[in-house]
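Down below is the structure, laid out as structure tokens.
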Number of protein chains: 2
Amino acid sequence: MSAPAQKPKSDRYEEILEAAAECFQKQGFSATSIDTVARHLGSTKGRVYHYFPSKMDLFNAVRDRAMEIAFDGIRPGYDTDADPIERLRLMSMGHARVMMLRHSYMQVLLDGLQMQRYGATTEFQRQAMARHLAERNAFETMFREVLTLGADQGVMTIGHMSITLQSYLITLNGPVFWYRPRSDGSADNVDAIAHDIVRYAMRGLGIDDNDNTSTISTGA
Amino acid sequence: MSAPAQKPKSDRYEEILEAAAECFQKQGFSATSIDTVARHLGSTKGRVYHYFPSKMDLFNAVRDRAMEIAFDGIRPGYDTDADPIERLRLMSMGHARVMMLRHSYMQVLLDGLQMQRYGATTEFQRQAMARHLAERNAFETMFREVLTLGADQGVMTIGHMSITLQSYLITLNGPVFWYRPRSDGSADNVDAIAHDIVRYAMRGLGIDDNDNTSTISTGA
DNA sequence: TTGACAACATACTCGGTAGTATGTTTGCGT
DNA sequence: ACGCAAACATACTACCGAGTATGTTGTCAA
């Protein structure tokens, strides 16, 4: 009999992951206790520890999931058969959208990068960190490729690649720091904001569309 | 008799502030213990608690100092009697430089903004947070003013002011996330990096100098 | 029916940490 | 010389939080 193997590990697993993402996002790693996550689930520690052997493993799982989400956001654009500018635009829009729509996961992702700070204690943890840095690098490389293509074709102005790439990415990541999800999950505004951000970011590369309008609705 | 009132509160105070900034930067607020700061000073908790009544007060002091440093970085440019573009360039260069040269304080500053997350527990703490947000707002307003001037004069292209401002500032703040201070405190490279960042950021506003060179020395 | 296991909840241990209470030294005014 | 207070260090308390050990309930197969 074929088990319902569609769910990655069962819905419970997903529930905990989601709750953990929100807690880590709101309070950071250190300030978040397993009890906090459990309370957020309306349960107790037992349930969390039944699925995750340690707090660090839980965090790593959230981080890994966040990385998947980030990749999923840019891959359609990356795989598009188009010129570098259009590919970059699609990738950037996808990323900016994800930054807002999956806000919790994305903030945890950025926190996780800074978490070299917490010092990789165990050997296993060092491996997890190394793997994560490799993924982060792969993510950046996808953008770097398209930027290099654009520079070679003379359609993008890039000074120092490393600095420009970092500046470009941090601009797309910007919403993580100031965007707060709407109570009504309206995606329209998200698209408008993403559009503005991508336009600004791409102008930094010397790419300028003539669409100077902004469709952001300033609520009340 | 006039006491040596030059030192803000005595050198000891400054030492602790500096050590705390480095610890908070490396490990974040929650993961940093008072004992950690004390060990970093080669002393014990007693010394820290002699100058700061609580961990939160210590953090607030670091945060306030960081805010001062940030203001000092942009004020010369802001006060310059020049056109908006030149003022913005000076402000931006000053800010980008500070982001690298005072790396610890600046990272704590950004962490502190996200610290609404930790929930303002006491009434006093809520006031400190409110005051800090007001200062942050004043800081942003200095940039907003110059951007508005530039837009009015038609020398800057700004879509949605709020989004553009946030994108512009986060670009300048970028180094906080990837810059690591050199062992030799060489400032030359810092200037070159800042120059590249500011060029990218200002291009996003439609301001383009024709200086397409990058003088960053890629070590080894 | 029963045994066995998954899916938790409950009750603990134990190390770390904020904050406090209490020494101890040093310098300085008188 | 003496008192005294600043500037710490030391010792302690109280609590919280990660991890563990054990109990409880439902389900399902034989």
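Residue-level check: of (1) over 11 Å from the mean Cα position of the chain (by Cα); (2) at pLDDT 95 or above; (3) away from every other protein chain (no Cβ under 12 Å), B:E140 misses just (3).
Right, B:I170: touching a Phe, Trp or Tyr at 6+ places or on another chain (Cβ under 7 Å), within 8 Å of chain A (Cβ to nearest Cβ) and free of Cβ contacts under 8 Å to residues at least 12 places away in the same chain or not? Considered against the rule, which asks whether it is touching a Phe, Trp or Tyr at 6+ places or on another chain (Cβ under 7 Å), within 8 Å of chain A (Cβ to nearest Cβ) and free of Cβ contacts under 8 Å to residues at least 12 places away in the same chain, B:I170 comes out as yes. Out of the stretch A:172-205, which residues are over 21 Å from A:F143 (Cα atoms) and assigned to a loop (DSSP other than H, G, I, E, B)? Scanning the stretch A:172-205 gives A:Y179, A:R180, A:P181, A:R182, A:S183, A:D184, A:G185, A:S186, A:A187.
Look at A:S10 and say whether it is surrounded by fewer than 17 Cβ atoms within 10 Å (Cβ to Cβ) and away from chain B (no Cβ under 14 Å).
It is true that A:S10 is surrounded by fewer than 17 Cβ atoms within 10 Å (Cβ to Cβ) and away from chain B (no Cβ under 14 Å).
Of everything in the stretch B:43-54 that is part of a loop (DSSP other than H, G, I, E, B) and within 7 Å of DNA strand D (Cβ to nearest atom), the residue that is surrounded by the most Cβ atoms within 10 Å (Cβ to Cβ) is B:S43.
The one condition from (1) within 16 Å of DNA strand D (Cβ to nearest atom); (2) within 14 Å of chain A (Cβ to nearest Cβ) that B:T122 does not meet is (2).
Among the residues that make up the stretch A:15-28, is at least one of them in a helix (DSSP H, G or I), over 28 Å from A:F124 (Cα atoms) and more than 11 Å from DNA strand C (Cβ to nearest atom)? No - not one qualifying residue is present in the stretch A:15-28. Against the list (1) open to solvent by 40 Å² or more (accessible area, probe 1.4 Å); (2) outside any helix (DSSP H, G or I); (3) at negative phi; (4) at pLDDT 95 or above, the condition A:M156 fails is (1).
Determine whether B:G112 is within 14 Å of chain A (Cβ to nearest Cβ), open to solvent by less than 10 Å² (accessible area, probe 1.4 Å) and over 22 Å from A:I163 (Cα atoms). Yes: the conditions hold for B:G112.
Residues checked against (1) touching a His at 6+ places or on another chain (Cβ under 7 Å); (2) away from every other protein chain (no Cβ under 14 Å); (3) away from DNA strand C (no atom under 11 Å from the Cβ):
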site	(1), (2), (3)
A:T36	no, no, yes
A:K45	no, yes, no
A:M56	no, no, yes
A:A61	no, yes, yes
A:D72	no, yes, yes
A:G77	no, yes, yes
A:D81	no, yes, yes
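Looking across B:M106, B:M99, one residue alone is touching a Pro at 6+ places or on another chain (Cβ under 8 Å), open to solvent by less than 10 Å² (accessible area, probe 1.4 Å) and over 19 Å from B:M156 (Cβ atoms). It is B:M99.
When the helices (runs of 4 or more DSSP H) confined to the stretch A:55-138 are screened for residues that are touching a helix residue (DSSP H, G or I) at 6+ places or on another chain (Cβ under 8 Å), over 30 Å from A:D196 (Cα atoms) and touching a residue at least 60 places away in the same chain (Cβ under 8 Å), those reaching at least 2 such residues are found at A:55-79.
The values are calculated or read from the model by the stated rules, or taken from the named source; none is laboratory data. All figures in this text were calculated on a predicted structure; none of them were measured in a lab. All Cβ positions, even for glycine, are placed from backbone atoms using ideal geometry, and neighbour counts span all protein chains on display. The protein model used for the area step is the full one, side chains on, heavy atoms only, and it has no ligands, DNA or RNA in it. Shrake-Rupley method; radii C 1.70, N 1.55, O 1.52, S 1.80 Å.
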